[in-house]
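Novice: My questions will all concern the structure given below.
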Amino acid sequence: MECETAGDPISGLKWTHRTTQKIADELRKLGIEVCRNTVGRLLKKMGFSLRLNSKKVSACSSSDRDAQFMKIQRLRKLFLRRRDPVISVDSKKKELVGCFKNAGTAWSRQAVQVNDHDFRSMAEGIAIPYGIYDVGANRGFVCVGMSYETPEFAADCIATWWRAEGRKRYPRAKRLLILADGGGGNGFRCHAWKLGVQEKLCNRYGLNVMVSHYPPGTSKWNPTDHRLFSEISKNWAGKSLDSYATVLKYIRTTTTSTGLRVRAVLMRKQYRKGVKVSDAKMKCVRIRRHQRMPAWNYTIKPAKT
């Protein structure tokens, strides 16, 4: 057991990689006759337990992490107090569209028959949900892409939300706060993301867009994840996403007891990966970086006319 044991040195909780049957077999070799059920009971008395891996080790920690969370909290309160829009944005994992298994369970008289393998070649396509969660209004807006999650796609999704809902809900707004992850299509290092915000939001609608990124490794604190996508995952748990219409249906019918309502649109445009932004184009981006954590906090303004 010595080489097969792991555990928590603080709490004293232990676990072993061996099954109770294998432990019983080893004990028999030592002349101790015991069944696997008895081994299980003895292990529990000794503090052993069956455990899953626990994601608690942070691989990307920063000295500015706590300060950034405090800054995001202050900005949210400031914008909401002034009745300016605050949105949290993020993309959900890609979903294969077709007769495939979906994690979770659902009430049904019979199990739904799905493909025994999840091959991309057997799918109608892929669905890339990009979520925009309006923090003040408790409203979700999901753009479902069909190609790739790119900076252009992320900027188009936010612009689509502004045209469809944002400017109607906030007709006098001149400022917009975007809370985003540090990577992906809306990553803080991505020039194409900043250019897309400049052209599709600032210049087109005259908005001053302030962007605050969550520190690396903290995307689960983004409201889009735990207030929007988590509810969508519950709504379609155990349901086969056999068509784009089905994907949109389950997103649109997602609700909560606290009043969440969600709207969804299909983005049919095909986006290309690896599009580079020239230095000349980046000079057109009117960006002002904040004094504290400038890489994670900046404001993009409309171009001068």
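The values are calculated or read from the model by the stated rules, or taken from the named source; none is laboratory data. Just so it is clear, the structure is predicted and the values come from calculations on it, not from any experiment. When we count neighbours, we look across all protein chains shown, and the Cβ atoms used for this are built from the backbone with ideal geometry, even at glycine. For accessibility, only protein heavy atoms count, side chains too; no ligands or nucleic acids. Shrake-Rupley method; radii C 1.70, N 1.55, O 1.52, S 1.80 Å.
Novice: Measure up LYS194/LYS220; LYS194/LYS304; LYS194/LYS281; LYS200/LYS276; LYS77/LYS234; LYS194/LYS249 against 20 Å on the Cα-Cα distance and list the ones that go over.
Specialist: LYS194/LYS220; LYS77/LYS234; LYS194/LYS249
Novice: Can you give me the accessible area per residue for the chain, using a 1.4 Å probe, in Å²?
Specialist: 60
Novice: Still on this structure, I have one more. Among ALA295, MET282, ALA245, which residue has its Cα positioned farthest towards the positive end of the charge dipole of segment 211-305, with +1 placed on the Cβ of Lys and Arg, -1 on the Cβ of Asp and Glu, and the dipole taken about the Cα centre?
Specialist: Result: MET282, furthest along the dipole toward the positive end.
Novice: Evaluate the relative contact order of segment 187-262 (contact order divided by residue number), counting alpha-carbon pairs under 8 angstrom at least 6 apart; express in whole percent.
Specialist: Working: 34 pairs, mean separation 12.4, N = 76.
The normalised contact order for segment 187-262 reaches 16 percent.
Novice: For Cα pairs less than 8 Å apart in space and 6+ apart in sequence, what is the mean separation divided by the residue count of the chain, i.e. the relative contact order in percent?
Specialist: 20
Novice: First check a/c for segment 163-284, with a ≥ b ≥ c the square roots of the eigenvalues of its C-alpha gyration tensor; if it is under 1.5, answer rounded, and if not, answer prolate when a/b is larger than b/c or oblate otherwise.
Specialist: prolate
Novice: P(r) for segment 242-287: what percent of alpha-carbon pairs falls in each 5 Å bin, starting at zero?
Specialist: 5, 14, 13, 12, 11, 10, 10, 14, 9, 1
Novice: Give the percent of DSSP beta bridges with both residues in the chain that are antiparallel, rounded to the nearest 5.
Specialist: Expressed as a percentage, antiparallel bridges in the chain total about 60.
Novice: Restricting the count to DSSP beta bridges whose residues both fall in segment 126-240, what percent are antiparallel, rounded to a multiple of 5?
Specialist: Numbers: 7 of 13 bridges.
Close to 55 percent.
Novice: Just how large is the dipole of segment 174-305 about the Cα centre, in debye to the nearest 20, putting +1 at every Lys and Arg Cβ and -1 at every Asp and Glu Cβ?
Specialist: On the way: 27 positive and 6 negative charges, 120 e Å.
With Lys and Arg at +1 and Asp and Glu at -1, about 580 debye.
Novice: I want to make sure I understand the PRE zone here: with the label point 7 angstrom from the Cα of TYR148 toward its beta carbon, which residues in segment 263-290 have backbone N atoms less than 12 Å away?
Specialist: Only 270-276 pass the distance filter.
Novice: Could I ask something else about it? Summarise the accessible area of the chain (1.4 Å probe, protein heavy atoms) by the percent that is carbon and sulfur.
Specialist: The computed percentage sits at 51.
Novice: Please state the shape class of the chain: rounded when a/c is under 1.5, otherwise prolate if a/b exceeds b/c and oblate if not, all from the C-alpha gyration tensor.
Specialist: Details: a/c = 2.44, a/b = 1.76, b/c = 1.39.
Prolate, because a/c is 1.5 or more and a/b exceeds b/c.
Novice: Can you give me the Cα centroid spacing of segment 96-141 and segment 178-200 in angstrom?
Specialist: The distance from the Cα centre of segment 96-141 to that of segment 178-200 comes to 26 Å.
Novice: Highest mean first, what order results for 116-126, 199-209 on Cβ atoms within 10 Å?
Specialist: Averaged packing, sorted descending, gives the order 199-209, 116-126.
Novice: Using +1 at the C-beta of Lys and Arg and -1 at the C-beta of Asp and Glu, which of MET267, ALA106, ILE87 has the Cα lying farthest in the positive direction of the dipole of the chain?
Specialist: Final value for the positive-end residue is ILE87.
Novice: Also, I was wondering about something else. Placing +1 on the Cβ of each Lys and Arg and -1 on the Cβ of each Asp and Glu in the chain, which of ASN203, ILE132, MET70 has its Cα farthest towards the positive end of the resulting dipole?
Specialist: The one lying farthest along the dipole's positive direction is ASN203.
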